[in-house]
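The values are calculated or read from the model by the stated rules, or taken from the named source; none is laboratory data. Just so it is clear, the structure is predicted and the values come from calculations on it, not from any experiment. Counting neighbours? That spans all protein chains shown, and the Cβs are built from the backbone with ideal geometry, glycine included.
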Amino acid sequence: MTSAVTVNEGVDSPYALSHLDALESEAVHIFREVAGEFERPVILFSGGKDSIVMLHLALKAFAPAAVPFTLLHVDTGHNFPEVLAYRDRVVAEHGLRLHVASVQEYIDAGKLRERPDGVRNPLQTVPLTEAIQQHRFDAVFGGGRRDEEKARAKERVFSLRDEFSQWDPRRQRPELWQLYNGRHAPGEHVRVFPLSNWTELDVWQYIAREDIDLPQIYFAHEREVFKRSGMWLTAGEWGGPKDQETVETRLVRYRTVGDMSCTGAVDSDATTLDAVITEIAASRLTERGATRADDKMSEAAMEDRKREGYF
Amino acid sequence: MSTTAENAKQLADLSATTLLRFATAGSVDDGKSTLVGRLLHDSKSVLTDQLEAVEAASLKRGQEAPDLALLTDGLRAEREQGITIDVAYRYFATPRRRFILADTPGHVQYTRNMVTGASTADLAVVLVDARNGVIEQTRRHAAVAALLRVPHVVLAVNKMDLVAYEEKVFATIAEEFTAYASELGVPEITAIPISALAGDNVVEPSAHMDWYGGPTVLEHLETVPVSHDLTSCHARLPVQYVIRPQTAELPDYRGYAGQIAAGTFRVGEPVTVLPSGRTSTIAGIDLLGESVDVAWTPQSVTLLLADDIDISRGDLIVPSGDAPPTTQDVEATVCHVADQPLTVGQRVLLKHTTRTVKAIVKGIESRLTLDDLSQHPNPGQLVANDIGRVTVRTAEPLALDSYAASRRTGSFLLIDPADGTTLAAGMAGESFATHKVLTTVEDEEGWDF
């Protein structure tokens with residue numbers, strides 16, 4: 001072992017953590033706080049890169065023991081088959097328990113109505129909040145990052161929701177030091193965002209560093225797509241193309257993974273993690289601006305959905 | 001285009017860079033939004049679609065030029081009222097460092113917002129309008145930075161373009177501020193003359209101030225040291241969670257998981273567990289799956305001890321011979337952050353590290369006036385944004401450091417047990433280097449109770 005600790009005060013100090021180590025350590029601290037303070041936590045898991053990183057962090061936080069949380073996926077019915085296959089593979093590999101809340105079931109049962117534009121993302125809120133009530137989850141981990149969107153920049157790491165899952169941005173608890181206040185009344189729950197302080201680039205760099213497996217649609221591949229509202233959407237039974245929309249095969253990849261009706265692909269030849277990172281770093285568009293239709297609906301689209309219980 | 005590609009390459013190599021957390025403080029008209037906008041914009045952190053959204057929204061409001069405040073005002077109510085109502089966190093990067101900026105609003109609720117932002121900050125930027133110099137608000141910002149023990153303070157003397165870039169104006173303000181902040185115990189002060197609007201000394205060096213030889217704001221943010229001298233820190237590990245796999249391969253594994261709050265821990269080191277006082281030796285340190293010999297703050301680790309002793313969430317592991325005293329009578333400075341008041345006799349919960357205990361407010365000795373740092377005795381209660389000295393009696397002993405020695409193990413929250421509201425942010429021990437206690441009960445603001 002080394003002798004006396006000498007510290008070089010400066011950027012190059014051997015005791016300065018790299019930014020990825022600092023973010024990882026903070027996220028692990030958040031996972032362990034929830035494990036220590038809540039009865040029935042759940043991780044929202046979509047098979048997208050943010051939830052994949054969340055799960056990876058949870059696995060590290062409790063190793064060599066199992067992750068003490070179950071997973072919840074809100075399936076819009078328009079999910080990418082590659083992503084669903086990935087989801088099931090990961091769940092099996094780690095011996096996890098997965099709950100699925102299905103938008104399609106809600107539509108079939110007449111409890112939700114399909115929107116005229118076919119976009120199902122906003123329809124997720126009801127199955128999500130009902131699943132939270134039904135299973136009495138008291139802490140719900142989400143992969144939301146504050147850099148994604150200006151309403152999310154106002155979000156706390158521990159975000160109290162009332163019995164209707166509503167977010168009230170004017171009544172948030174101040175968050176001081178690393179002292180997270182998870183107190184809540186029965187019926188209320190806390191949304192927890194361990195990746196709050198991560199950016200899209202951090203997530204990709206961490207995936208590369210930790211060599212985390214991802215659904216292949218995150219890498220460039222040939223795909224049948226058509227243009228709608230300025231975005232390349234995947235052609236398929238879910239509802240496209242319509243009249244005057246034409247399918248073409250393009251080399252694309254996905255920056256975000258969500259509902260097929262509102263998640264656009266980007267032109268890309270990035271087939272490796274390094275190529276993806278270089279592409280993200282050079283991009284002049286945000287992740288959501290490039291690939292999400294639902295956020296363009298109004299200036300406060302995200303805030304309004306979050307108020308209703310969206311994550 | 002080549003700059004972007006170059007920038008991309010540099011950013012792609014970033015995984016080893018460090019992270020700096022900083023907070024901005026400034027009142028409404030001193031140009032804080034412009035400074036934040038300038039930092040984000042000139043570091044190329046504002047992307048095309050965000051700028052387009054701001055341009056569209058500005059046009060809709062009848063403004064011809066894009067209003068950069070719309071970039072940061074994320075809530076409907078903020079945009080409607082044109083004010084910032086809450087702390088927001090922003091992220092940007094340069095090839096040298098990553099930044100998390102706590103963007104704190106400067107309006108009337110400044111104290112609790114700035115306390116929130118400053119609690120996790122390594123550095124605070126205090127803005128001053130060069131035309132007005134050091135005003136009451138500036139002194140409040142300096143006092144909050146000192147109270148929260150923010151290690152570095154930057155005085156940004158803004159709007160230098162409006163005082164003809166006069167060295168004398170800057171020097172006078174810098175001198176007055178430095179004297180005041182040093183008296184409060186702020187360890188390091190860097191004064192920078194800037195014009196956020198014109199871009200002088202924010203990201204690019206100014207062409208108008210040859211007399212200034214120091215760094216730009218960004219350059220300073222990129223190079224200021226974030227780590228502290230670990231050798232002088234008392235090592236502390238609050239136990240968050242006990243990891244027990246209880247599997248066939250690991251039937252006896254018991255790991256004490258937590259984030260190291262201060263200092264370093266080494267394998268072989270004798271440790272004491274508080275509040276019980278039981279002792280053992282570190283048999284192993286697990287750094288998220290990797291076995292290491294030494295670990296330090298703020299790493300999240302799992303400690304394995306040589307002896308099977310009773311340890312649970314809320315306990316504090318410390319090196320034997322370097323334990324903080326345990327106490328049930330906490331003397332502290334608190335900043336009241338809730339709308340409902342804090343009163344003597346009130347029953348509360350106290351959350352300190354990973355331990356939450358019942359407590360009662362035994363006394364509120366004084367209320368601090370940030371403007372002149374005078375302490376007014378026996379205010380009876382503290383209301384939102386008040387800072388005061390309190391005594392809290394806890395139901396169980398706490399192993400509490402003074403906040404001056406450790407921001408992490410010297411801080412706590414007071415929580416309303418009825419509805420879970422966070423009432424106050426607490427800092428144990430003495431607060432300022434100097435005290436001016438008023439002996440008479442004269443309070444010019446006239447408390448009406």
Closer than 17 Å to B:K351 by Cβ and either touching an Asp or Glu at 6+ places or on another chain (Cβ under 8 Å) or away from chain B (no Cβ under 12 Å) (or both), is that true of A:R191?
no
Pick from segment B:300-355 the residues that are closer than 22 Å to B:T264 by Cβ and in contact with a Pro (Cβ under 6 Å, 6 or more places away or on another chain): which of them is farthest from the other protein chains (Cβ to nearest Cβ)?
B:S320
For segment B:221-242, indicate whether the set of residues that are within 14 Å of chain A (Cβ to nearest Cβ), touching a helix residue (DSSP H, G or I) at 6+ places or on another chain (Cβ under 6 Å), touching a residue at least 24 places away in the same chain (Cβ under 8 Å) and closer than 30 Å to A:A63 by Cα is non-empty.
yes
Looking at segment A:264-274, which of its residues are more than 14 Å from chain B (Cβ to nearest Cβ) and free of Cβ contacts under 8 Å to residues at least 40 places away in the same chain?
A:D267
Name every residue in segment B:274-299 that is touching a Gly at 6+ places or on another chain (Cβ under 7 Å), among the polar types (S, T, N, Q) and within 13 Å of chain A (Cβ to nearest Cβ), in order of residue number.
B:S291, B:T297
If A:S229 satisfies all but one of (1) surrounded by 21 or more Cβ atoms within 10 Å (Cβ to Cβ); (2) touching a residue at least 60 places away in the same chain (Cβ under 8 Å), what's the number of the condition it fails?
(1)
Of the residues in segment A:53-87 that are in contact with a Leu (Cβ under 8 Å, 6 or more places away or on another chain) and β-branched (V, I, T), the one that is nearest to A:E210 (Cα to Cα) is A:V53
What is the number of the single condition among (1) within 22 Å of B:P215 (Cα to Cα); (2) modelled with pLDDT under 90 that B:P151 does not meet?
(2)
Residue check for A:D138: acidic (D, E), on the phi < 0 side of the Ramachandran plot and touching a His at 6+ places or on another chain (Cβ under 9 Å):
yes
Scan of segment A:180-215 for residues that are among the acidic types (D, E), farther than 17 Å from A:D162 by Cα and either surrounded by fewer than 23 Cβ atoms within 10 Å (Cβ to Cβ) or under 13 Å from the mean Cα position of the chain (by Cα) (or both), ordered by number
A:E200, A:E210, A:D211, A:D213
When residues of segment B:298-320 are filtered for being of a type in the set (D, E) and surrounded by 21 or more Cβ atoms within 10 Å (Cβ to Cβ), how many remain?
1
Quick check, is A:G264 under 30 Å from A:A58 (Cβ atoms) and either buried (at least 20 other Cβ atoms within 10 Å of the Cβ) or out of contact with any helix residue (DSSP H, G or I) (no Cβ under 7 Å at 6 or more places or on another chain) (or both)?
yes
What's the number of the only condition in (1) modelled with pLDDT of 95 or more; (2) over 18 Å from the mean Cα position of the chain (by Cα); (3) within 14 Å of another protein chain (Cβ to nearest Cβ) that B:A418 fails to meet?
(1)
Residues that are buried (at least 18 other Cβ atoms within 10 Å of the Cβ) and either in contact with a Pro (Cβ under 9 Å, 6 or more places away or on another chain) or more than 30 Å from B:R408 (Cα to Cα) (or both), drawn from segment B:164-185:
B:Y165, B:V169, B:F170, B:I173, B:A174
Mind telling me which of the residues B:V318, B:V271, B:V334 ends up being among the β-branched types (V, I, T), modelled with pLDDT of 95 or more and under 30 Å from B:D419 (Cβ atoms)?
B:V334
For segment B:251-268, which positions are more than 22 Å from A:A35 (Cβ to Cβ) and either at the interface with chain A (Cβ under 9 Å from one of its Cβ atoms) or loosely packed, with under 15 Cβ neighbours inside 10 Å (or both)?
B:T264, B:R266, B:V267, B:G268
